[in-house]
Amino acid sequence: MSPVKAVLFDRDGTLVEDVPHNADPDRVRPVDGAREALGLLREHGIRTGVVTDQPGVARGLLTDADVRRVNHRVDELLGPFDVFAVCSHDPDDGCGCRRPQPGMLLWAGGRICTGPAELVVVGATAADAEAARRAGAHGILVPNGRTRPEETTRADHVAPDLLTAVRAVLDGPPKGRVLVDERPIQQAFTADPGPDGQTGHA
């Protein structure tokens, strides 16, 4: 069994497409590879959770009930998750839960009886990585279109996609800075190999 007991995922831009201040469950769209990545973790007995900053609640752009409905849709599409954690504060509120503060990660880990050393946090921003570091957990950055180059440079561990991030922790905490897909090279980079093992071209 893996020494990693749980993986917490940032919601918007990591598990599902980023829709700012989303209050509509119908707009929830999983990112490529999310279902397979989560399935791998659950097959290995590793718990899964979702963490999300929703400052739109503090700003009156959506309600706590809206956030719950969207989270419920995420759970329908990609769950069952073991824990959901939400920070609904504005960045200027000075709370201890909004990343890069570690409060939300520590709370979520506590809810599923997982200590920081056994916890991996996957997100797309420097705030995710820094919150993991402050919590004493292991952070993996999976860059998306909004991740700045300097965030990728500073991250302790970087993976090109969710599946690579998950495969890297199945046997324990991430070990390298740039995590690589362990599938055979041809399988990793060939979408449609022909019967002779060559790439098929449309």
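Coordinate-derived values only; no laboratory data. In this text, all values refer to a predicted model and were calculated from it rather than measured experimentally. A quick note on method: Cβ atoms are made from the backbone with ideal geometry, for glycine too, and the neighbour counts reach across all protein chains shown.
Counted over the chain, the DSSP beta bridges are approximately 10% antiparallel.
Applying a 4.7 Å cutoff between beta carbons, the unpaired cysteines of the chain are 95, 113. Loop-located GluC sites (Glu not before Pro) in the stretch 101-186 (DSSP state other than H, G, I, E, B) with a sparse environment of at most 15 neighbouring Cβ atoms within 10 Å: 182.
Against the chain, whose longest principal axis is taken from its Cα atoms, helix 126-135 shows a tilt of about 80°. The charge dipole of the chain, taken about the Cα centre with unit charges on the Cβ atoms of Lys, Arg (+1) and Asp, Glu (-1), comes to about 460 debye, rounded to the nearest 20. Got a sec? Charge dipole of the chain, +1 on Cβ for Lys and Arg, -1 for Asp and Glu; which of 15, 137, 30 is way out at the positive end? So the residue furthest toward the plus end is 137. In order along the stretch 26-33, the phi-based Karplus estimate (6.51 cos²θ - 1.76 cosθ + 1.60, θ = phi - 60°) of 3J(HN,Hα) comes to 5, 8, 6, 10, x, 6, 4, x Hz; Gly and Pro are listed as x.
Between 0 and 90 degrees, the angle of helix 34-43 with respect to the longest Cα principal axis of the chain falls at about 90 degrees.
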